[in-house]
1. At a 1.4 Å probe radius, carbon and sulfur cover how many percent of the accessible area of region 142-250?
2. Sorted by packing (mean other beta-carbon atoms within 10 Å per residue), highest first, where do 505-514, 180-189 land?
3. Of the listed peptides 411-419, 355-363, 135-143, what is their order by residue-averaged count of other C-beta atoms within 10 Å, with the highest listed first?
4. Compute the normalised compactness of region 214-266: alpha-carbon radius of gyration over 2.2 N^0.38 Å, N being the residue count.
5. In terms of the ratio Rg/(2.2 N^0.38 Å) built on C-alpha atoms, what value belongs to region 333-477?
6. I'd like the Karplus ³J(HN,Hα) series for region 243-257: coefficients 6.51, -1.76, 1.60, θ = phi - 60°, whole numbers in Hz, and an x wherever there's a Gly or Pro.
7. What is the projected area of the convex hull of the Cα atoms of region 301-352, averaged over all directions, in nm²?
8. Could you tell me what fraction of 2.2 N^0.38 Å the Cα radius of gyration of region 250-289 comes to, as a two-decimal ratio?
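The values are calculated or read from the model by the stated rules, or taken from the named source; none is laboratory data. Remember, it's a predicted structure, so these values are computed and weren't measured experimentally. FYI the Cβ positions are ideal-geometry reconstructions off the backbone, even for glycines, and counts take in every protein chain you see. Side chains are part of the model used for accessible areas, which takes the heavy atoms of the whole protein and leaves out ligands, DNA and RNA. Shrake-Rupley method; radii C 1.70, N 1.55, O 1.52, S 1.80 Å.
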Amino acid sequence: MAEASEMEFTKLLDKPKLHIERQRSLDELSVVNGTLRAVDSYESMYPPSAARRSAPGTPMSPAPNAFEPHFMVADAWDALRRSLVFFRGQPVGTLAAYDHASEEVLNYDQVFVRDFVPSALAFLMNGEPDIVKNFLLKTLHLQGWEKKIDRFKLGEGVMPASFKVRHDPIKKTDHLVADFGESAIGRVAPVDSGFWWIILLRAYTKSTGDLSLAEATECQKGMRLILSLCLSEGFDTFPTLLCADGCSMIDRRMGVYGYPIEIQALFFMALRCALSMLKHDAEGNEFVERIVKRLHALSYHMRSYFWLDFQQLNDIYRYKTEEYSHTAVNKFNVIPDSIPDWVFDFMPTRGGYFIGNLSPAMMDFRWFAHGNCIAILSSLATPDQSMAIMDLLEARWEELIGEMPLKITYPAIESHEWRIVTGCDPKNTRWSYHNGGSWPVLLWMLTAACIKTGRPQIARRAIEQAETRLMKDNWPEYYDGKLGKYIGKQARKFQTWSIAGYLVAKMMLEDPSHLGMISLEEDKAMKPLMKRSTSWTV
């Protein structure tokens, strides 16, 4: 890239901040019958004090630093700062892992967009926003690069999966090297990077009160490019986003091709975040209108068809098949005999969750922690559904939390099914890595969801379990085994997002007002059930 282009982005680093009082919110936009209205956001609902609550019944510490700091916190901060990556003297991100003992570096020495999110939240909560601003601008700069893989050009709005800084000791210069999927294992471009970028931009804005970054021409264009990709019209009859295996945190073949819950929840959250930050000019208004329509359809679809509880499971068990026309009850022609046996024992009478995937004649009944936590934080889940997810976690603690929080998916795929679904992937053997492994990074999402639902005791119990081993085990990437007893067979040590995830979880429990930067309040206008059109108009 030309130096001049680099300089244009560097200028933004020096733009003065617009200081506003923390108790004054950036009004979020709500959907009412296809129009927009301003509603009070999370930060305006509660005063900026230790007395502010994230949800009714959530206990608060009497003072911001009332919690006795755990001895692990200092070690975690030291480890996090060792992972910092600098570009021309400025911090721009954190390494995926700082594991010098590992013989294979692979891409763990790079800055990943999704991996940096918990690090960014930790720095924001600690009053260090500059690194987050630098990261947002650098990745925005990389978005503008031409992206080709084997002579095929990717969409203009695609954000990189990761980047690294290369230092030239002779010329004493730095330059960036980005990966848009062309070097990734499996060669899959990340769908989630753009969504996380928008979500993090809102988190930075909410935390700092600095409106100038989100309102900058470059950031507005970056959001519109991402939205252009995911809001494009096509042949699909569903409002969900069609995705390939390996396009998200589960970055290998795991049978999530189609409409995985993680991507749908992130898609929903990114749309709502973008809605609150897009300017109401000619270009912005066009996207606002498209977002409004998509949010209505997406919320209805997800809450109606992806949701599973005891009653819904019983209804599916009694489904009739081969139904035709708009009056069909079994709209996706799911065969009741395809329900796996484990679901009947797993589903408690109280509790529920969003299933992993849904498409014609296929329901993936697996539990995916990431998507369900994001569904709560984005308010894709209704208040009742959010509480049901918490009920499920408590009822199935051993299966979903175990000895090291948190199972990324449950249950594991085994035997012949493992061979077919994963392609005999040796890294994704049963109860390992993304096939039922336990990931400490998910602590921050679990904690945020617990605070939002007024159930911080669940998060506190999970964090206390993690504290018995995390530091002693040198902050592994993931744990293996049905209960998460064993350090993952290929897990890197000093995995940065394991470290940052723990810090964010601790800081949110200490001061739940931090939740405001990563949580969206329920939009009352998005009712869980809406009438669908029963006829075609010509």
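1. Of the solvent-accessible surface of region 142-250, carbon and sulfur hold 54 percent.
2. The packing order, highest mean first, is 505-514, 180-189.
3. Top to bottom by mean Cβ count within 10 Å: 135-143, 355-363, 411-419.
4. That works out to 1.36 for region 214-266.
5. Relative to the 2.2 N^0.38 Å estimate, region 333-477 comes out at 1.07.
6. Result, rounded to whole Hz: 9, 8, 4, x, 9, 9, 4, 7, 9, 9, 5, 9, x, 10, 4.
7. Result: a mean projected hull area of 3.9 nm².
8. Rg over 2.2 N^0.38 Å, computed on Cα atoms: 1.61.
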